[in-house]
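These notes concern the structure reproduced below.
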Amino acid sequence: MSLLDTIIADLTTAMKAKEAERVSVLRMVKANLMNRKIEKGGELTDEEITKALQSLVKQRRDSIEQYEAAGRTDLAAKEAAEITVIDVY
């Protein structure tokens, strides 16, 4: 089972369990991966998926820094929760 298949299976499981936050993050991850697949014009390898996930985590860490500098700890906490979901993969 590829990494993308695992993410899609986990998305389905989260939807059935009504885990709204996890569903939201996994949908975002899936959409990002599908966009990269379209840009590439073919299937993504697990290595490419891993790089994409690392990029998403880096974006969230940058956002956390900016939110904390602006005093928006609520938004920083949301980004940190998203990192926790993405880091599983």
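The values are calculated or read from the model by the stated rules, or taken from the named source; none is laboratory data. Please read all numbers here as calculations on a predicted model, not as lab measurements. Here the Cβ is made from the backbone with ideal geometry for all residues, glycine too, and neighbour counts use every protein chain on show. Please note that ligands, DNA and RNA were not included when accessible areas were found on the heavy atoms of the full protein model with its side chains. Shrake-Rupley method; radii C 1.70, N 1.55, O 1.52, S 1.80 Å.
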Whether any residue in the range 66-74 is of a type in the set (K, R) and in a helix (DSSP H, G or I) is what I want to check. no
Within the range 1-17, of all residues that are at pLDDT below 95 and not in a helix (DSSP H, G or I), the one surrounded by the most Cβ atoms within 10 Å (Cβ to Cβ) is S2
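Name the one entry in L44, L26, L53, L33 that is touching a residue at least 40 places away in the same chain (Cβ under 8 Å), open to solvent by less than 80 Å² (accessible area, probe 1.4 Å) and either part of a helix (DSSP H, G or I) or of a type in the set (G, A, S) (or both).
Details: L44 fails: either part of a helix (DSSP H, G or I) or of a type in the set (G, A, S) (or both); L53 fails: touching a residue at least 40 places away in the same chain (Cβ under 8 Å); L33 fails: touching a residue at least 40 places away in the same chain (Cβ under 8 Å).
After applying the criteria, what remains is L26.
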